[in-house]
Structures are given as structure tokens and as C-alpha cells.
């Protein structure tokens, strides 16, 4: 479906995330990956989805001068929001442990924003999913950190990993959003592309 809708567009996914890239393949979206380094810094007055909206748009800025008329750039950002604090990717194992310890026996929110940009306009959408963890033991947390790769994931975990299987007791919202892309929103936005852009 989307392949036909997007036949006149060159879709550029500005994400190195293998999970996001796989989602685009699963949605049958023809795309190329183009990456540019940015400093993901945001004003501390921003909260919740304001942060991910801002960062998703910020990631599009370096491409501004090089977009061609038929280019459609898609950028995205995910955070874990817990205790009124944004949890991004941990810098080391100790930080990962601290994050996971704070998520233990509590409910947090995973927020993802996706920005769609062409030469003329841009549109940003976001989704929030509530995730509840059981009480995790220190041994379980360290087992996960040592055997999986939490350092490239917001909030130090991937719901598709072992920890998601043993820790998540309740989820409210999109599962795929927790993995890093609200696929339903991407589909809806691209389906009505002529209207939104």
C-alpha cells in the first residue's frame, strides 16, 4: 500500500537504529538511510513529548539545504519519561543499572516522536505508551546488562529483549512505540501524505 503512495517520493530515513530500519522494511516502504551527527541537547524547560518533538525536528536540521523536491526526510526520537525526568541512552553500565533500578516496580512512559519533512513543510507526530515493570532484583538487572546491549536503548532496555519478557507486567498503548517507532502513526501519516505536507 505505502509503496504505491510513495512512488513519487525518495524516502530518507535518518536513523541508524536497526529496529527502525526493520520497521520500514516491514511496512514495505522503499527508503535509503542517511545519517548526520547532531548534539542531542534540549532546553531543560521542555517536558514529556515536547522533548522528543524538539529532538526529532532537530535531527532534520542538518539536511535542510540538501533536500531535493521529491525527497521526504523522516527523523525520530525516543525517550523514557519517569518521575518527571527524561531517560535517554545510558552512558555506561552503572548508569544503565541506576535507570533500570528506578523503573523497577513502577510504571513509566515511553514517548516517540516522528518528524516528516520535505522542502516545503514538516509535520511531527508522537505517541506515548505506559509500561509497568515488576520488582526487579539486582541480579536480574545485572544479568540483563551483562548479556544484552542496553547502552543503545532509551531507558536502558528493549521491550523485545529478555527483560521485557520477564519484567513487563502491563502495557497501555503501542508495543512497537516502545521498540522505537509508533508504526501505526507512521502508516497513517504517510497514507495521508498529500494532506499533511
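If you fit an axis through the alpha-carbon atoms of helix 138-147 and take the longest principal axis of the Cα set of the chain, what angle between them do you get, 0 to 90°, nearest 10? Computed tilt is about 40 degrees.
Provide 120, 99, 1 in ascending order of the number of other Cβ atoms located within 10 Å of each residue's Cβ, fewest first. Write out the running numbers ahead of the final one.
Values: 120 8, 99 25, 1 11.
Least to most surrounded, the residues fall as 120, 1, 99.
Take every Cα pair under 8 Å whose residues are at least 6 apart in sequence, average their separation, divide by the length of the chain, and the relative contact order is 22 percent. Have a look at 155, 164, 180 and tell me which one the Gaussian network model of the chain (Cα, springs below 10 Å) gives the largest fluctuation. Of 155, 164, 180, the Gaussian network model singles out 164 as fluctuating most.
Relative to the longest principal axis of the Cα atoms of the chain, the long axis of helix 49-58 lies at roughly 50 degrees.
Once you have the Cα-Cα distance between residue 149 and residue 93, take 0.36 nm times their residue separation minus that, and quote the gain in nm to one decimal. Write down the numbers at each step before the final one.
Numbers: separation 56, 0.36 × 56 = 20.16 nm, distance 0.98 nm.
Stretched out fully, the residue 149 to residue 93 stretch lengthens by 19.2 nm.
How would you classify segment 2-196 from its alpha-carbon gyration tensor, with a ≥ b ≥ c the square roots of the eigenvalues: rounded for a/c under 1.5, else prolate if a/b is greater than b/c, otherwise oblate? Don't skip to the answer; put the middle values down first.
Values: a/c = 2.09, a/b = 1.84, b/c = 1.14.
Because a/c hits 1.5 or more and a/b exceeds b/c, segment 2-196 counts as prolate.
Each of 20, 57 was scored by other Cβ atoms within 10 Å of its Cβ. Arranged with the fewest first, they read 57, 20.
Largest GNM mean-square fluctuation among 150, 62, 30, using the chain with Cα springs under 10 Å: 62. With the simple model of a label 7 Å out from the Cα in the direction of the Cβ, residue 32 to residue 106 spans 4.4 nm. When 41, 11, 80 are arranged by Cβ crowding within 10 Å, least crowded first, meaning fewest neighbours, the order is 41, 11, 80. In whole angstrom, how far apart do the alpha carbon centroids of segment 81-110 and segment 13-79 sit? Using only Cα atoms to place each centre, the spacing works out to 23 Å.
FRET efficiency for residue 170 and residue 120, Cβ-Cβ distance as r, R0 = 35 Å, nearest 0.05? So, using R0 = 35 Å, E works out to roughly 0.25.
Read-outs: derived from the displayed coordinates by stated rules, not from any lab. All values reported here derive from a predicted model rather than from experimental measurement. Heads up, the Cβs are rebuilt from the backbone with ideal geometry, glycines too, and the neighbour counts pull from every protein chain shown.
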